[in-house]
Amino acid sequence: FRWFSEAPVDVAVVEVGLLGRYDATNVADGQVAVITSIGGDHTDFAPGWEVAVTAEKAGIIGPDSTAVLGRLAPELVEVVRAEGPAQMV
């Protein structure tokens, strides 16, 4: 982030780590948040893991941001919608 603050960049792409909502990269105020897919990496596959992972990933969405979604099950889209993005694509 220091490099981005000192470099003349118009756009920066920042990949959020495992924790999503609680990841250190979530301090960035993104205008666009992209969730490409929901995978079972680092889960125990207990019932409801997809919703739990989606909720963490959706934590990167700010209230004024646009959420760009990959192919997600309808119930997972609703988890993202609950985060309150300005628009979803």
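The values are calculated or read from the model by the stated rules, or taken from the named source; none is laboratory data. The structure presented is a predicted model; accordingly, all values stated were derived computationally and were not measured. Note that we place each Cβ from the backbone using ideal geometry, even for glycine, and neighbour counts take in every protein chain shown. For the accessible areas, the whole protein counts, side chains as well, though only heavy atoms, and no ligand, DNA or RNA atoms are used. Shrake-Rupley method; radii C 1.70, N 1.55, O 1.52, S 1.80 Å.
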Taking region 51-82 and the residues there that are acidic (Asp, Glu) and at pLDDT 95 or above, the one that is farthest from Val32 (Cα to Cα) would be Glu75
Evaluate region 1-19: report whether one residue or more is open to solvent by less than 40 Å² (accessible area, probe 1.4 Å), modelled with pLDDT under 85 and either among the polar types (S, T, N, Q) or within 23 Å of Leu69 (Cα to Cα) (or both).
yes
Of Val89, Val27, which residue is open to solvent by 70 Å² or more (accessible area, probe 1.4 Å), touching a Phe, Trp or Tyr at 6+ places or on another chain (Cβ under 8 Å), in contact (Cβ under 8 Å) with a residue 12 or more places away in the chain and of a type outside the set (S, T, N, Q)?
Val27
Within region 1-55, of all residues that are more than 18 Å from Val79 (Cα to Cα) and of a type in the set (D, E, K, R), the one farthest from the chain's Cα centre (by Cα) is Glu6
Looking only at region 1-48, how many residues end up being small (Gly, Ala, Ser) and in contact with a strand residue (DSSP E or B) (Cβ under 6 Å, 6 or more places away or on another chain)?
1
